[in-house]
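The values are calculated or read from the model by the stated rules, or taken from the named source; none is laboratory data. Keep in mind it's a predicted model, so treat the numbers as computed, not measured. Positions of Cβ are generated from backbone atoms using ideal geometry, with glycine treated the same way; all protein chains shown enter the neighbour counts.
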Amino acid sequence: MQVTFQDILDARDRIAGQVDRTPVRHSRKLSELTGAEVWVKFDNLHYTGSFKERGALNRLSLLSPDERRRGVVAASAGNHAQALAYHGARLGVPVTIVMPEGTPFVKIEGTRRHGAKVVIKGLDFSGSTEEAHRLRDEEGFVFVSAFDDAGIVAGQGVCGLEFMEDAPELEALVIPIGGGGLIAGSSVAAKALKPDVRIFGVEAAMYPSFSMRRQGLKPKCGGQTIAEGIAIKAVGDIPYAIAEPLIEEVLVCEEADFERGVAFFATLEKTVAEGAGAGGLAALLAHPDKFRGMKVGLVLCGGNIDARMLAVVLNRELVRERRLVMYRIIGDDRPGMMSRMAGIIGELGGNIIEIVHDRLSLDVPAKGAEFDILVETRDGAHAEEIGDSLVEHGYALRR
């Protein structure tokens, strides 16, 4: 089943005035960081926090009166769920959502808040999909796939349409791939407006379903990824058939790439991205030479990240930059020991965040102690300066 450019234009007209047209901005800071000329489409600014609203509303608008009465069911890790719940409530369509175990709380509560019934079932998206199919068969619901549906794909294509209209100078789009709906629809729209625009996909290394299928291999997927929004074991048949001939290359990124993407969106662009939403930036950070000097568009496709996880990611980035450093010191357990170490660190401008004092570690003498001192530093050179000073003052330092 194909989705045409006309289908996308029809979807745009169908959802007009009901879904925000999200802004597109050239990012000087991300351009300096990556070496590419970077434009960002801020789909995290949708009311439900992700790009999914366009596809969900378009698909719900295509339901017959009888289907609206019966209601819909879907499997989702959160963004499709919230979009269906929100627009289902607006249109008076009952919505049931099956979510995998381990779905971030922010997405579960967001879905319930919009009025949907939430069922937690399945270890992953595949398990949740099986439960959603069971409910469809037993309750008479209409199953609405998060991606393997022509109405969904056409709606998501409005993202690419808006992007190219607002930034026609773009030479490439870099779009995360989960089930494939966003990249399929956006590729059709972008290529219709500018046939020579280059399309790149981004997948998480734990879930390389599109790239493995492209190679004729059975995908090996699994594990806890920060990019749970694209943690799909099998790309949809409909989006794969549409997108495969249009995508130049699929880039597979590691967890650290996604974490850095989330952190840089927060610290440089002052905006919140979930792991999957930072996929485009992750690809530029992992493959800088591929995009250097190119005019590149990134779809920041979602910002629904758990607050605790965002804090963890930002702190981990400080560790990578050596702006948070743990000094482990073995010393005598005598009065004044800790204050003297703290004095050395403080004199050099280090900010002590936490100290753990351990007397029970068996590789420490009985009359000694192990001190783990977490210090905020300016940068890696400052961290080295503090460590060297501790050693010069006679402290046994494990770096």
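Considering region 122-137, the residues that are buried (at least 19 other Cβ atoms within 10 Å of the Cβ) and at pLDDT below 90 include one that is farthest from G222 (Cα to Cα), namely F125. Against the numbered list (1) in contact with a helix residue (DSSP H, G or I) (Cβ under 6 Å, 6 or more places away or on another chain); (2) surrounded by fewer than 22 Cβ atoms within 10 Å (Cβ to Cβ), F42 comes up short only at (1).
For region 173-193, the condition holds for no residue, the condition being that it is basic (K, R) and farther than 21 Å from F42 by Cα. Across region 1-59, the number of residues qualifying as assigned to a helix (DSSP H, G or I) and closer than 30 Å to R292 by Cβ comes to 10.
Apart from one condition, S128 fits all of (1) in the same structural domain as G280 (by TED's automatic domain parsing); (2) touching a Pro at 6+ places or on another chain (Cβ under 6 Å); the exception is (1). Among the residues of region 164-177, those identified as over 19 Å from the mean Cα position of the chain (by Cα) and either assigned to a helix (DSSP H, G or I) or hydrophobic (A, V, I, L, M, F, W, C) (or both) are M164, E165, D166, A167, L170, A172.
Before we move on, is A189 at pLDDT 95 or above, among the small types (G, A, S), assigned to a helix (DSSP H, G or I) and assigned by TED's automatic domain parsing to the domain that holds G229? In short, yes. Here G180 clears all of (1) at negative phi; (2) under 22 Å from the mean Cα position of the chain (by Cα); (3) at pLDDT 95 or above except the condition numbered (1).
Screening L217 with (1) buried (at least 19 other Cβ atoms within 10 Å of the Cβ); (2) closer than 22 Å to H287 by Cβ gives one miss only, at (1). Each residue in region 260-290 was checked for being buried (at least 24 other Cβ atoms within 10 Å of the Cβ) and among the hydrophobic types (A, V, I, L, M, F, W, C), and 9 pass. Counted as qualifying within region 235-316 are the helices (runs of 4 or more DSSP H) with 3 or more residues that are under 12 Å from the mean Cα position of the chain (by Cα) and in contact (Cβ under 8 Å) with a residue 40 or more places away in the chain, namely 255-267, 279-286.
V235 satisfies every condition listed in (1) touching a helix residue (DSSP H, G or I) at 6+ places or on another chain (Cβ under 8 Å); (2) surrounded by fewer than 23 Cβ atoms within 10 Å (Cβ to Cβ) except (2).
A count restricted to region 25-82 and to residues that are over 17 Å from G180 (Cβ atoms), touching a strand residue (DSSP E or B) at 6+ places or on another chain (Cβ under 8 Å) and small (G, A, S) stands at 7. Condition check for A154 on (1) farther than 17 Å from L298 by Cα; (2) in a strand (DSSP E or B): one failure, at (2).
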